[in-house]
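Contents: one structure, followed by commentary.
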Amino acid sequence: FEELGVITFNVELTTPACPIKEEFQTQCHDLVLELEWVKEAEVTMTSQPLPVSDVADEETVGMKKVASVIAVSSCKGGVGKSTTAVNLAFALQSLGARVGIFDADVYGPSLPTMITPQDDTVRFVGRQIAPLERNGVKLMSFGYVNEGAAVMRGPMITQLLDQFLSVTNWGELDYMILDMPPGTGDIQLTLTKRLN
């Protein structure tokens, strides 16, 4: 390479959604060009997501290829959790990450009012549900499956959410955005424990 003065190299990031990816690329390019024998430098930014555990318990079989879970939560309702979750998901997707959103609020699901899927037909792939999609972001909510809110008690809701997480075929995701229901009760604690 010294004879030609052309250097090409890769910089591997931990996530494709690195917010300062371009800054890193520019800095690497400029630093290499400072070497007196380099005439041209080509920097390619790559990413290697965190390794996904090969061991997944029965409850989270649909989540086994999800690298990271980000829960958006608040003790109070109506403060913008769902708006934050949706904006975060689409921002990460625009940065190159593979993203899914799960609306865990069975009593008042808001994802269906915020995002209209490209195709709103719920389909099964084998024994799993295929998530709905909008612009490459995978979506799942009780509101897509059942119109209106659920009238159920805590243990039934927890079991329903477990089933949604485990039977939805999320595929490989860099991030799962979990839009939590308001509060700090059994549902929130159980979901957090299951996904931890």
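Here residue 186 meets the list (1) modelled with pLDDT under 75; (2) among the charged types (D, E, K, R); (3) under 15 Å from the mean Cα position of the chain (by Cα) almost entirely, failing just condition (3). Only one entry of 20, 7 meets the criterion of being among the aliphatic types (A, V, I, L, M), surrounded by fewer than 12 Cβ atoms within 10 Å (Cβ to Cβ) and modelled with pLDDT under 90, and that entry is 20.
Of all residues in the stretch 100-109, which are of a type in the set (Val, Ile, Thr) and either surrounded by fewer than 24 Cβ atoms within 10 Å (Cβ to Cβ) or farther than 15 Å from residue 139 by Cβ (or both)?
106
Within the stretch 159-184, take every residue that is polar (S, T, N, Q) and closer than 20 Å to residue 126 by Cα and give me the one that is most open to solvent (accessible area, probe 1.4 Å). Before you say what the answer is, go through the steps one by one.
First pass over the stretch 159-184, keeping only residues polar (S, T, N, Q): 159, 163, 166, 168-169, 184.
Subsequent filtering for residues that are closer than 20 Å to residue 126 by Cα retains 163, 166, 168-169.
Numbers: 163: 93, 166: 19, 168: 0, 169: 59 Å².
In this case the residue turns out to be 163.
Would you mind stating whether residue 41 is aliphatic (A, V, I, L, M) and modelled with pLDDT of 85 or more? Yes; evaluated as a whole, the condition is true for this residue. Restricting attention to the stretch 88-113, the residues that are within 22 Å of residue 157 (Cβ to Cβ), modelled with pLDDT of 90 or more and among the aliphatic types (A, V, I, L, M) total 1. For the stretch 82-111, residues that are in contact with a Leu (Cβ under 9 Å, 6 or more places away or on another chain) and closer than 21 Å to residue 183 by Cα total 10. When we screen 53, 68, 74 for residues that are among the small types (Gly, Ala, Ser) and modelled with pLDDT of 80 or more, the only hit is 68.
The values are calculated or read from the model by the stated rules, or taken from the named source; none is laboratory data. All of these numbers come straight from a predicted model, not from anything done at the bench. Every residue, glycine among them, receives a Cβ derived from its backbone with ideal geometry; neighbour counts consider all protein chains shown. Note: accessible area is taken over every heavy atom of the protein model, side chains too, but ligands, DNA and RNA are not part of it. Shrake-Rupley method; radii C 1.70, N 1.55, O 1.52, S 1.80 Å.
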